[in-house]
Amino acid sequence: MNTKSRTEAAGYGVWTRLEEIMEFSRRAGFRKLGRAFCAGVREEVKRMLWIPKE
């Protein structure tokens, strides 16, 4: 089973999509994440930007 499958299985129905992305990134060893979004989700992205660096 790959990292994505394990992460999805661990948080299915529990984590939000953002939490799942963060956990996947942690498990995959990513140190930086970029963000791209459409104008329709601008407000959600603004709320997301407060997430602190670890």
Suppose only helical runs count, i.e. DSSP H with n ≥ 4. What mean residue ellipticity at 222 nm does that imply for the chain under -39500 (n - 2.57) per run, divided by all residues and rounded to the nearest 500 deg cm²/dmol? -15000 deg cm²/dmol
All other residues with a Cβ under 13 Å from the Cβ of SER5 taken together, and with Lys, Arg as +1 and Asp, Glu as -1, what is their net charge? 0
Helix axis angle, 17-28 relative to the chain longest principal axis, alpha carbon, degrees: 50 degrees
Correct option for volume of the Cα convex hull per residue in Å³ [calculated from the coordinates] among [x] 45; [y] 101; [z] 87: [y]
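Every number in this text was worked out from the coordinates using simple rules, so none of it is lab data. Small disclaimer: the values here were computed from a predicted structure and weren't measured. Backbone-built Cβ (ideal geometry, glycine too); neighbour counts: all protein chains shown.
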